[in-house]
Amino acid sequence: MLLKDKVAIVTGSGRGVGKAVVLAMVNEGAKVVVNDVDEGAAIETVEEIENQGGHAIAVIGSVADKQVAHEMVEKAVSAFGTVDILMNNAAVTRPAMIHNMSDEDWDTVIDIDLKGVFNGIRAVAPIFKEKSKGNPDSLSNGKIINVTSVAGLTGTIGQINYGAAKSGVIGLTMSAAREWGRYRVQSNAVAFGIVETRMTETIRGEKFADTYKSKIVLERFATTEDVIPGILFLASSGSNYITGEVLNISGGYHIGV
Ligand SMILES: NC(=O)c1ccc[n+]([C@@H]2O[C@H](COP(=O)([O-])OP(=O)(O)OC[C@H]3O[C@@H](n4cnc5c(N)ncnc54)[C@H](O)[C@@H]3O)[C@@H](O)[C@H]2O)c1
């Protein structure tokens, strides 16, 4: 088991990639905090985990709200004793061409997709720092895994808010890596291309699917199962000497064809 007795918080884990990740983490021995704005989805995920004999609690609310970030950490500590892994996964899209983009769509995406990641990292800081004090020889006192996108590496058309937020997530990942290296906390990001989730329903539809697929070196969209092994690796001790890295799990979408 890669994550035996580890405690993980995964934001936006009521569905999509986040849900697949918490189920996989529990399978590897972790206890998890399931966060989502969608209460029904979060509760369903927790029930699914409990039905399989795993340990999970739900924290409902938006990652854009710093109180929710603190609540995730507090509840993880009171239920499971600590936090070992924080995966900042929750995000939304509000597409529009630049000239049509409203302030509201800009602010919503930046607040959730970028500030939400900062809120999570800041909330977990005292736990990771405290662990490092008690464990000067430990090779890892915490793992941060931030979810970014090829859109954050190459830019994107019709989603300048999302592209900017996801580029910001990479900067934030590297800054946290530098600031917390001394605490032996690894901060890395995963960049997806196109994963088969609710977020990509439109671009995977009949009208656009072939165009998008033709940009992917491996010529297919990712399933949520495809992205799990890389995430588990970054969450596990195998990545103790890797920090400030962006792992592209995109079928080569980031290098183009
Ligand atoms: N699907 C893709 O092709 C793709 C590509 C690149 C990057 N990503 C990234 O992967 C991550 C997961 O996306 P997904 O495809 O699973 O999307 P999804 O829409 O299927 O799931 C996202 C989950 O996050 C929740 N959520 C939304 N706003 C939230 C908030 N403010 N606070 C807490 N939870 C919130 C939603 O309710 C949902 O359950 C995101 O960071 C996304 O940007 C996805």
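Distances between placed amide hydrogens fall under 5 Å for PHE192 paired with THR148, SER149, VAL150, ILE249, all partners being 5 or more residues away or on another chain. Can you give the percent of C-alpha pairs in region 93-165 whose distance is more than 14 Å? Counting pairs separated by more than 14 Å, the tail of P(r) holds 66 percent.
Just add up the charged neighbours of GLY40: K/R +1, D/E -1, any other residue whose Cβ is under 13 Å from the Cβ of GLY40. That works out to -4.
Dividing the alpha-carbon radius of gyration of the chain by 2.2 N^0.38 Å (N being the number of residues), what value is obtained?
Dividing the Cα Rg of the chain by 2.2 N^0.38 Å gives 0.96.
Measuring nothing but alpha carbons in region 1-135 and taking Rh as the Kirkwood radius, the Rg to Rh ratio lands at 1.02.
Computed 3J(HN,Hα) for region 151-166, one whole-Hz value per residue from the Karplus formula 6.51 cos²θ - 1.76 cosθ + 1.60 where θ = phi - 60°, is 4, x, 9, 10, x, 7, 9, x, 8, 4, 5, 5, x, 5, 5, 6, glycine and proline marked x.
For the cross-link pairs LYS115/LYS215; LYS143/LYS213; LYS115/LYS207; LYS19/LYS75, which exceed 28 Å when the distance is taken from alpha carbon to alpha carbon? The partial results should precede the final answer.
Values: LYS115/LYS215 30 Å; LYS143/LYS213 32 Å; LYS115/LYS207 33 Å; LYS19/LYS75 19 Å.
The pairs that break the limit, which is 28 Å between Cα atoms, are LYS115/LYS215; LYS143/LYS213; LYS115/LYS207.
When the charge dipole of region 7-249 is built from unit charges on Cβ atoms (+1 for Lys and Arg, -1 for Asp and Glu) and taken about the Cα centre, the candidate among VAL7, ILE242, GLY53 whose Cα reaches farthest toward its positive end is ILE242.
Computed from the coordinates by the stated procedures, all read-outs in this text should not be read as laboratory data. All figures in this text were calculated on a predicted structure; none of them were measured in a lab. Methodologically, a virtual Cβ is constructed for each residue, glycine included, from the backbone with ideal geometry; neighbour enumeration extends over all protein chains shown.
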